[in-house]
Structure formats: C-alpha cells, structure tokens
Amino acid sequence: MPTDMPAPDPDMAPVPPWHALEAAATLAHHGVDPATGLSSEEADARLARHGPNQLTVVPGRSTLRRFLSQLVQPLVLVLIASGLVTALLGEWVDASVIFGVVVVNAIVGFVQEGKAEEALAALARAVATEVNVLRGGRRLRLDAAALVPGDVVWLAAGDKVPADLRLVKGKELRTIEAALTGESAPVAKHADALPADTSLADRANMAYAGTAVVAGQATGVVVATGDATETGRISRLIAAAPDLATPLTRKMERFSRQLLVIILGLAALTFAVGIWRGESAFAMFMAAVALAVGAIPEGLPAAITITLAIGVGRMAKRRAIVRQLPAVEALGSTTVICSDKTGTLTENEMTVRSLWIGGHPLAVTGAGYGPEGAVLDEGHSVDGPQASDMRRMLLAAGLCNDARLLAPEDAGGRWSILGDPTEAALKVAAAKAGIDLDAQEGRLPRVREIPFESRRKMMSTVHRVTATREEGGIPAGSSKLVAFVKGAPREVAARCSRIAVDGGESDLDDGWREKIAAATDRYARGALRVLAVASRELPPGFSDFTPEGVEGDLTFLGLMAMMDPPRPEVADAVEKCRRAGIRIVMVTGDYGLTAESVARRIGCISGGPPRIVTGAELEVMPQPTLEEILRDEVIFARVAPEQKLRVVAALQGLGHVVAVTGDGVNDAPALKKADIGVAMGLSGTDVAREAADMVLADDNFASIVNAVEEGRAVYANIRRFATYVFTSNMAEAVPFVVMLFSRGAIPLPLTVMQVLSIDLGTDMVPAIGLGTELPEEGVMDRPPRPRNDPLLNRSVLVRAFLWYGAIEAMAALSAYFFLNWLHGWPGMPLAAEGTNAYRMATTMTLAGVVAAQVGAVFACRSDQASIFTIGFFSNRLVLLGVAVELALLGLLVYVPFLQKAFHTAPLGLVEWCYVLAWAPAVLLADEARKAVMRRRGRSIPSTGGSP
Ligand code: ATP
C-alpha cells in the first residue's frame, strides 16, 4: 500500500474523486484486499453504518390525500353535489345518507386501492437484483441491497450495475448509461486513473448504479451505495406505489364521464319537463337525483382495479410475475407467442450423447451431470490415435468453459452445476473420458478470453502452455499460446482450415466440410444440439486478441451433440394454445433442424416441413415476404436477439397481439416492443427483466400459457361484474321512467336513498365475488378476444339491459304493484306518497331488485355453463356477498333509524314470499336461456374469448 494513501477508513476520510485515484489506491482507501474482499464481520459493520444499498422510497401519497382522491371522481362529485342541494332544501336525513354513502364508497375504494398497490409493490420487490461479490475469500451471490462500500464485485454482460463502482480490472466492458447521462450508445470502460476534472459522462473507469452492462466483464470496488450513488443524488427517491391506472381503467373512466354527461342531460331534461308540466321543483329535483344515482354504476372503477390486482396475484401463484398492470389485459388477448427454445420449451439440462471426431461417431453413456459414464466406439473403449484426438477435443471444450460442476456433497446430494448448462455438459463429457480438468487448468492457465456472444455464436479462450522439458529445440520453461474455440458448427467450421484426424491434421477441404454438415444435420434431426470445437496454436508475438484476430485459421477438432429434453408440461401447454387460437413462433439461436425436431416433438408443428428462416435470411428479407411467411408455420433459427424485434414488429403489423420471451441484454428492444415482454427469472439478465412486462419465475413456457389463461379470466370477470352491476341500474331506472310517463298517476316506486343502498350497499360484495371467479372451463377453447373488442361490447350491454335488466325491472315493478293490489287496489288509487302503504310499496320495489340481483349473481357466474355444473357453492365470496346482501336488506327494512333514512317499512310474510321468489325465477330463466344456447352450440360472446 503506498505510504501517502489516506488511512483505510472510508467513513473518516474525505471522499476523493474516485476516478482520479489509481484502482489500487481506491482499494486501499476502502481497506480491502482485492484477493479476499471484505470479511463478513467488516461487511456487517459497514452495512450497519451505511444502511442497505437502496434508494429512499418516496413516502407515497399521504393517507388523507389518498382518501380524498376517492372523492374527486366525476360520479362521486355528482353525489356530493346532490347531497349539498338536498341539504340546502332542508332534507337533512336524505342528505346525511347521501354523504354517508359517499364516505362508505371512499373507504371501500381506499382499502381496495391500498391492497392492490401493496400487492404490486411486493411483486416488484420479488424481482430483486443479485450480485457476485467477493467476501472472506469466497465468491458469493448476494442481494444487491446487502452491498457496502469496499465490496469487490464482478460484472458481466446483462448485469445491472448494483452500486457506484471504481473499476479495478476490465475486459472489454461496455455499459449503457442512458439512465444517468441520457447517452444511449454503449460506453467503453477501463481501469486506468483519469484527470480529476473529468465530467461524469467521461469517467470511463467508473460504473454507476442503475446503468446496464451490455458487453464484457469487469471487477470493481464499491465506492458508494444507496442514496450516496450518482443515481441517488439525481433521483433520491423512488416511487413507493406503482401506478394503478391501466388502459382499461382509463377507458372505464372515459366511459363513466360520457355516461355522466348523458345522465346529467337526462336529469336536467326530466327536471325541465316536470316544471313545465307544473310539478313542484322540489319533487322534480329529487326525481332527477334519483335518475342520476340510479343510472350511475358507482362501484365499477374500484371493482376493476381490484379484479386486475387479483389477477396479478393469481398469476404470481402460477409462476408468472406481472410487472405492469396493463399486461394482465394484454395477456388475455394474446394471439402469438414468440418463444425461444433452450430453457423455455426445453429443460436446459444438457447431456452430451455423441461425439464426432475425424468422421467417426462415438457414443457417450450416462445421464445428468454426474461423471458416471464412458465414451464408447461401437461398445468398446476408444483407443489409438482416435483416443488422442478425442482427448484433444474434450480438453479444448473443457477449458474453453466457464461452468462449474458441483459434487453431491457440495450441492444437496446430487451432481449439479453453476453457469451455462451447455458448457457444463461439455465438462461432464470430458470427465467421463477420464480427463482431470482441474489439473489441466493449472497446467494451461487461461490468459485471455473472448466471451460467448449470440451474434458470433462462439466463444474462445487463450491459454499459456509452458514446456516442462526440452522438446524439438524448444527449451524447457519456454511458453506458447494456444486458443480454444467452441460454438455453432457452421460458424466454427467457416473459420477452420485444417481438421484433426487419426492423430494428425489434414486440410479441411470441401469433402470434409460436407461430412461435417451432414453429421450436424443428422444429429439435429434427432433433436440434438450440436457444438463444434476447434483450436489454434498462436504464432510467437501474437497480440491481436480480438475475435477476428483469434478466431481464424483454426483446426477443427470435432462435434459434440447433446440432448436437451423438452419440458414435460410443454406439450400440454402447446396443445392448449392450439385450442385457444394462439400461434407459437419459435425464434431461437439454435440450428434450424434441431429447432424443427424439438418443435415437432412438442406439437408446435403439425403439417409438412415448416419454413425455416435463418437470421441471415431475415436480415435481407423484404417486409412483404416476411409478412407472407408469417401467415404460415415458420421457425426462425440462428437468429440473434436483436433480430427478434423485426419479427415482433412484423407480427404486430399484421394485427397480432404479441408476447415474446427473452433473457439477454440484446433481447431488451424486442421485449419492450412486444405487447407482452416476457423475461426469464432464473436465467435472464437484469436488463431483460427490467425491460419486460412479466417475469417467469421458472423460465417455463407453460407458465406463459397459464398467465394467458388468467388474463382471459380477468377480462371475463370484469365483464361478469359489469353485466351484474348494469343489470341493477336498468331495474333502478325503469320505475323512474314509469313514474314519468304515468303523468303523475304513479308515485316514484323507488326512492333515491333506496337506489343508493343497492348500488353502494347490497351490490358491492357480490360484484367483487364475481371478480374472483376462477378461469372458466373452456376459456382456452376460444379464439383470442379481438384487440379492438370493447370491454362493454354489444353482447354485455344487451344481456345486462335487455335480458337480466328487463327481468329485474319486471321483478321490481311487479312487486310494487303486487303490494298495492294486496292492499286494496284496484278499488282504491295507488298508495299516496308519505303513507305507510307507500313506504311498504317502495320497500317491495327495493326488495324485488335485491332478490332479483341474488338470482343474477349466480346467473352471471358463467356465460354458458349451468350453475349446477360449476357448483353452487364453488365461489365462497359470491356466497358471502349474497349473505351480506340479504342481511343489509334485512337491516334496511327492520332497523328503525335506517327505516327512516331509507323510507322503508316492514313487510309481511306474503310480501316477502312474493319478492324472494324472484331470486330463483331469474336464475331459472337464465338457466333455460343457457340450455337453449348450449343446445344450439353457440357460444355467447361475453367473456375473454371472442364468439
Ligand atoms: P434459444 O435462443 O432458443 O435460447 P440458444 O441457446 O441455442 O437457443 P443462443 O444462446 O443465441 O441460442 O446460442 C446460439 C448458438 O451459439 C447455439 O445454438 C450454440 O451453437 C452456440 N452456443 C451457445 N452457447 C454457447 C457457449 N457457451 N459457447 C459457445 N457456443 C455457444
């Protein structure tokens, strides 16, 4: 440690500009040895001093503000205005009930919104960032929040930089700092000191929190965490609450504003006509208010938000974590899923099955990642020159490799791996051939590496070989460099000029190239993934360690074919998609024939050979051709992630709602462009996860399909409770119209207070119950809902207003007339306002609507299926809702204070029998309708699927 360095106590010393210090000085300043990192005790102590590596959370809107925001919604404002005028007219009881209703509505909305926010915030936290840290001499994976100044951290392509770092060592590291500097081009980084006055954007030896690594690798020391980071300084705060507004709720808001204008217009017209006809202004005002509150679906917006949030929760249980609320809606109308193959459709548990060396296939036995097994040539062990060729290839494949095998004693009883399964499989194959890779790594230390990149489709490492004894004139102790390369067969072969065969080497002529291509195709048709291995002795003084410099003039060592079985649940999920009218387009980096045979095994391809478009073809393909091809079965193979964007855009151009999967940095543009970007939770990079709308906790294709199913269910549920809520609006408005058209002969059969007691009282819990209905059987047997299909489409409105609404209006009015008839009419006129008989009559109307709604809630639970098929008791919340509904009705009718407020009066047994009979009547009428529909084999277009 240089003597003029500040004392190694980062808390006491003034903070120097880190970019101006040498890396060693920065490490010394933080009192950390780059070989061991901080000790865990020191890290704990620093964590206690500096706090977790998190930005301070915005305290959110205050509780009061959140509560008040419930009141400033157009529909509620109308209620408040009506309440104020009612109070001015001296109707204190009515006014206080209206205000009571406003407050209850606000409380319900407030509680529900709070729950939805909480659920979403918890999910956002669940997608936490993990980092590779050196602590106490061991490399650990920690939650980024646990980082402290002085921690030594590794970065690799795809990582989000977890804190502000002074780079110590870097290999071609490039980051995108748009979040910090607005510059969207990648910035090259290095570890050298810079002048103190270098501006933030030019500090190439620093990596700042929140920026993204797009290429290369580096090690750095943490110099600032949490709010002390540059990002922290700029933003300081992150929002505590996610935005709950979605296109759907916005559409709903627009709809309710339109509705409001219509309702206010009608109310004004009513008032004017009434006055013109000589009615009292007071009576007409109360009538206008009755119309307005009767027609307004007050509880709807809150119910939509809570239903979406319930959907998010259910999807999370099925391993699909939604990061954006609108994704729930988009999922329901997905028409195409563009899926990659490895790890999503397949297990990503690779086992090498065969080697191909110098034209000979060799079998590899054994399963899983354990080294039990052998390499056999037609059942016998391999020997002679072939054995040395084999060892040469397996050594190259095993050293050009970043995976680690974990023995059973280190990994819970079974052989497992750290890193890329493809690479791990190569190491396992080497172990089966008896190669001790640990020893070889010591003998041939790695001096350079060119990391794997999907665009190049290969990876290379450079190793130093030191001669232990004098050999061919080369003195002992002298050394040379050897490059090992592995990657996609065609790409690697294109860079080879010789081939290893029979213990020597020969020219890689066209004959050999054809043999390699034929062997690759043979393996690929058996659904095997094929990798080629090559090597090169670098000339003395070699210094061009770029991909172009190293990956040329290679010697082809052989092919390794590995098996990656399809995930067992994928075939079912694919079949579900087929029935649901959702297309699956495989977009993979793997070889076309391998992709095709996997696609065939899982049922993605049904007809003859599909069109296989490679990345290279895609690059130059004119747009019309691409669109034409996308209408048929097609597989995109050997595609680089950035080319996915074009496929997604073309599909969207054809009117599709597209979900696309991705895991790498370069997948981010396609994930953002898609209607639903799906990132992998296990294998995905931070960058991909941040760009995605949804993250799969298990990387499994089947989870996407489950989420689509839930998305459809959510949409269907919103339609269900909208139908239910509108139904009562119809029943509430009709009595009012009847009164108006009777020219005063019939007094108002349902008062304003009673209307409110339904909309904001009895209707609420059953509506939420409908919002929790499980996906209906057959919801995945319908084609996707068209993108432009409005939420409240014709079928919802027809059913709500003309079917259930009409029956319910009949229930309400007939109950009213039944009471009047029971009490002497027609001998005497209808009970006059203010009398007990009138109160009983309006109570009958109220009870008629409530009873009919009880029938309707069961009827609305399914579009076509009988309630007796789906089970009368299968939705507990609906049952609870009905119980609450009837209990509230009982209270309204029998509690003296409520009787006064709601203008009700107790009913007799006959009256109760009459009104309550409407509950089964509505249900049975709807059962009859459903039976007819089922017999006709017609689906009724009102759920997530289209007709
Ligand atoms: P998918 O896109 O379906 O996940 P993939 O894993 O094959 O499939 P990429 O990761 O883009 O897609 O890989 C492209 C090709 O590069 C592979 O088919 C393989 O031939 C080669 N490859 C993959 N991983 C490595 C690696 N670690 N080293 C060298 N080559 C590799």
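Just so you know, all these numbers are worked out from the coordinates, no wet-lab data involved. All values derive from a computational prediction rather than experimental measurement. Counting neighbours? That spans all protein chains shown, and the Cβs are built from the backbone with ideal geometry, glycine included.
Restricting attention to the chain, close to 75% of DSSP beta bridges with both partner residues there are antiparallel. Taking the centroid of alpha carbons for each part, segment 750-808 and segment 187-219 are 56 Å apart. Taking the fewest neighbouring Cβ atoms within 10 Å as the starting point, the ordered list for 64, 38 is 64, 38.
Remark: the Cα gyration tensor places segment 63-113 in the prolate category, a/c being 1.5 or greater and a/b exceeding b/c.
Show me the GluC sites (Glu not before Pro) within segment 517-574 that DSSP assigns to loop and that have at most 10 other Cβ atoms within 10 Å of their Cβ.
Values: sites: 537, 548, 551, 569; in loops: 551, 569.
Passing both the DSSP loop test and the Cβ count: no residue.
Does segment 147-204 classify as rounded, prolate or oblate by the C-alpha gyration tensor (a ≥ b ≥ c root eigenvalues; a/c under 1.5 gives rounded; else a/b over b/c gives prolate, otherwise oblate)? Since a/c stays below 1.5, the shape of segment 147-204 is classed as rounded. For the chain, the percent of C-alpha pairs falling in each 20 Å distance bin, counted from 0 to the bin holding the largest distance, reads 12, 34, 29, 17, 7, 1, 0.
Reported value for segment 686-782: 163 Å³ per residue, from the convex hull of its C-alpha atoms.
Angle between the Cα long axis of helix 876-894 and the longest principal axis of the chain, 0 to 90 degrees, nearest 10? For helix 876-894, the angle is close to 20 degrees.
Ignoring everything except DSSP H segments at least 4 long, calculate the 222 nm mean residue ellipticity for the chain; use -39,500 (n - 2.57) per segment, divide by total residues, nearest 500.
Numbers: 35 runs with 433 residues, N = 947.
Value at 222 nm, helices only: -14500 deg cm²/dmol.
With respect to the chain, whose longest principal axis is taken over its alpha-carbon atoms, helix 592-602 is tilted by about 40°.
By the count of other C-beta atoms within 10 Å, a proxy for reagent exposure, 380, 656, 29 are ordered fewest to most as 380, 656, 29. DSSP beta bridges fully contained in segment 351-563 are about 95 percent antiparallel.
At most 10 other C-beta atoms within 10 Å and a DSSP loop state: those are the exposed trypsin sites (Lys or Arg not before Pro) I care about. Give me the longest piece of the chain that has none. That would be 1-468. Here the extension length gained between residue 154 and residue 71 equals 24.8 nm, from 0.36 nm per residue of separation less the Cα-Cα distance. Site pair residue 924 and residue 525 shows an inter-label distance of 6.7 nm when each label is modelled 7 Å from Cα along Cα→Cβ. Exposure proxy shown here: for 444, 924, the number of other Cβ atoms within 10 Å sets the order, fewest to most, as 924, 444. Please work out whether segment 404-511 counts as rounded, prolate or oblate from its C-alpha gyration tensor, where a ≥ b ≥ c are the square roots of the eigenvalues and a/c under 1.5 means rounded, while otherwise a/b larger than b/c means prolate and anything else oblate? Oblate shape, in that a/c is at least 1.5 and b/c is the bigger or equal ratio. With contacts defined as alpha carbon pairs under 8 Å and 6 or more residues apart, what's the relative contact order of the chain in percent? That works out to 11 percent. Angle between the Cα long axis of helix 281-295 and the longest principal axis of the chain, 0 to 90 degrees, nearest 10? That works out to roughly 30 degrees. Averaging Cα coordinates gives a centre for segment 465-535 and one for segment 320-354; these two points are 35 Å apart.
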